[in-house]
Amino acid sequence: MYMLDIFDMDDEVLRSQTESVDEFDDALKILVDAMFETLEEAEGVGLAAPQVGISKKIFVVNTRKKGERYALINPEIIETSVDLVPYEEGCLSIPGFYRDVMRPARVKVQAQDVSGKFFTLDAEGLLARVIQHENDHLNGVLFIDHLDEKEKDKVVSLFHKKKKKYSRKAR
Ligand code: NI
């Protein structure tokens, strides 16, 4: 088991631009495997490298259906549908908070796999949602940034209250 620590939204790494991956070596494969294990253990549907403290263009997705389990390296969203839909999002870096976010219903994404091979995915539904959420992480963007200012402030302050409470308990 290679479980990785998940960084929360207060960590600077979650707000940084990421670098492209240019070496498709064993270290990358080990990292991606560890990210999948960490994601599945946390019962999430997506995990981006900045969330485990690594500022690189990598994310993993597992919607738990239809074999939708992918590692996307250097992803680029190349098409988005005009129609927007609401969908309730959460984030392993902001645990316990869920809010509706409007985004394009469908996307086409191009990426490389762990061997460096290019592929494209046409995604809709949950998969499209997770891809957009994780892709945001590679640009230092969190789902709360898509909420209106007031709602975002509310989530941030509740998150900090909760974090303070837990850190007191831990001592
Ligand atoms: Ni997230």
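The values are calculated or read from the model by the stated rules, or taken from the named source; none is laboratory data. Bear in mind the structure is a predicted one, so any value in this text is a computation, not a measurement. All Cβ positions, even for glycine, are placed from backbone atoms using ideal geometry, and neighbour counts span all protein chains on display.
Kindly establish whether Ser157 is polar (S, T, N, Q), under 26 Å from Asp11 (Cα atoms) and exposed (fewer than 12 other Cβ atoms within 10 Å of the Cβ).
It is true that Ser157 is polar (S, T, N, Q), under 26 Å from Asp11 (Cα atoms) and exposed (fewer than 12 other Cβ atoms within 10 Å of the Cβ).
Can you name every residue in the range 142-166 that is without any contact (Cβ under 8 Å) to a residue 24 or more places away in the chain and in contact with a His (Cβ under 9 Å, 6 or more places away or on another chain)?
Result: Lys152, single match.
Can you name the residue in the range 11-28 that is free of Cβ contacts under 8 Å to residues at least 40 places away in the same chain and assigned to a loop (DSSP other than H, G, I, E, B) and is also farthest from Asp145 (Cα to Cα) among such residues?
Here the answer is Asp25.
Has the range 52-68 got any residue that is exposed (fewer than 14 other Cβ atoms within 10 Å of the Cβ) and in a strand (DSSP E or B)?
No, the range 52-68 has no match at all.
Out of Gln132, Gln112, I need the residue that is within 11 Å of the ligand (Cβ to nearest atom), of a type in the set (S, T, N, Q) and crowded, with 19+ Cβ neighbours inside 10 Å. Which one? Even if it seems obvious, please write down each step before you answer.
On the way: Gln112 fails: within 11 Å of the ligand (Cβ to nearest atom).
Result of the check over Gln132, Gln112: Gln132.
Filter the range 83-97 down to residues that are exposed (fewer than 12 other Cβ atoms within 10 Å of the Cβ) and within 15 Å of the ligand (Cβ to nearest atom) and give me whichever is modelled with the highest pLDDT.
Glu88
Here are some conditions: (1) of a type outside the set (Asp, Glu); (2) at positive phi; (3) crowded, with 16+ Cβ neighbours inside 10 Å. Ile73 meets all but one. Which one does it not meet?
(2)
Within the range 15-37, track down each residue that is farther than 18 Å from Val61 by Cα, out of contact with any strand residue (DSSP E or B) (no Cβ under 6 Å at 6 or more places or on another chain) and surrounded by 13 or more Cβ atoms within 10 Å (Cβ to Cβ).
Across the range 15-37, the qualifying residues are Arg15, Ser16, Phe24.
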